[in-house]
Amino acid sequence: MVRAIMHGCNGRMGRVITGLIKEDAAIEIVAGVDSYTEVANDYPVFESIGACDVKADVVIDFSNAGAIDGLLDYCAANKLPVVLCSTGLSEAQLEKVEESAKETAVLKSANMSMGINLLMELLKNAAKVLSPAGYDIEIVEKHHNQKLDAPSGTAIALADSINEAMGNSFEYTYDRSRERKKRETKEIGISAVRGGTIVGEHEVLFAGVDEVIEFKHTAYSRSVFGKGAIEAAKYLAGKPAGRYDMSDVIRF
């Protein structure tokens, strides 16, 4: 049984993961950390990770950027593996992630969905076949009307996976309205749609002469990210220091 600390336990994703773990016999939450403690939980909750004195095998983090420095210091000092799911980290914090990985196992991915990470690998193989044959590549992502960033980090990660497979030979185009001109050959177009309560939808098109091949992932609830984080935690527990991502969990 993997013993986990849920960092950010009373936030939206923390509550989702708490519910999912109750149905998973291979993992349990032994403690939670959240600045807001006025929520009833089946485990003890501490206001900060430094105050937590419960022994665990791994930390699952879904908090915020402001809590990451203290979390990384704690995990590095205690050699405690951590699945890092918080977004919006600064460049200095990203560097700290790499430094912390020298002391303990740190898993961080642009998207925790198992499906998205599988899609990234499929796109690499598709690009190697279709791009040299002259197929144009476009990405369209859709999210709810409260999302602040555009394009999404996941859309960029999908483009990066394609670009990496092709030797980083592509440029990204985000707004075609700024300049009237034909599409470049070595170009990946990325478009963002915002509306309603769309959890997340990413579509990648390879458009050739007289045919279009589409890869699409749709998230219908945030539980897909929680399930991925839980699988990552079960994988990471007991692993040696180093940087990991979801491709390690899926084991291509």
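Which members of the stretch 90-125 meet the condition of being within 16 Å of M13 (Cβ to Cβ) and out of contact with any Asp or Glu (no Cβ under 6 Å at 6 or more places or on another chain)?
L107, K108, A110, N111, M112, S113, M114, I116
Using beta carbons and a limit of 9 Å, which pairs, at least six apart or on different chains, have the first residue in the stretch 167-188 and among the polar types (S, T, N, Q) and the second one part of a loop (DSSP other than H, G, I, E, B)?
These pairs meet every condition: S169/S131; S169/K186; T173/R183; T173/E184; T185/G134.
Of all helices (runs of 4 or more DSSP H) completely enclosed by the stretch 147-252, which ones contain at least 3 residues that are within 21 Å of the chain's Cα centre (by Cα) and crowded, with 19+ Cβ neighbours inside 10 Å?
The qualifying helices (runs of 4 or more DSSP H) are 153-165, 223-236.
Does the stretch 67-79 hold any residues that are open to solvent by 10 Å² or more (accessible area, probe 1.4 Å) and either touching a residue at least 40 places away in the same chain (Cβ under 8 Å) or within 20 Å of A110 (Cβ to Cβ) (or both), and which are they?
Those that are open to solvent by 10 Å² or more (accessible area, probe 1.4 Å) and either touching a residue at least 40 places away in the same chain (Cβ under 8 Å) or within 20 Å of A110 (Cβ to Cβ) (or both): A67, K79.
What are the pairs, 6+ residues apart or on separate chains, where a residue within the stretch 46-63 that is free of Cβ contacts under 8 Å to residues at least 60 places away in the same chain and β-branched (V, I, T) has its Cβ under 7 Å from a residue that is part of a loop (DSSP other than H, G, I, E, B) and open to solvent by 40 Å² or more (accessible area, probe 1.4 Å)?
Partner pairs satisfying both residue conditions: V54/P44.
Any idea how many residues of the stretch 153-189 are among the hydroxyl-bearing types (S, T, Y) and in contact with a Lys or Arg (Cβ under 9 Å, 6 or more places away or on another chain)?
The qualifying residues number 3.
The values are calculated or read from the model by the stated rules, or taken from the named source; none is laboratory data. Keep in mind the model is a prediction, meaning the values are calculated, not measured. Note that we place each Cβ from the backbone using ideal geometry, even for glycine, and neighbour counts take in every protein chain shown. Each accessible area value is taken on the protein alone, full model and side chains, heavy atoms only, with ligands, DNA and RNA left out. Shrake-Rupley method; radii C 1.70, N 1.55, O 1.52, S 1.80 Å.
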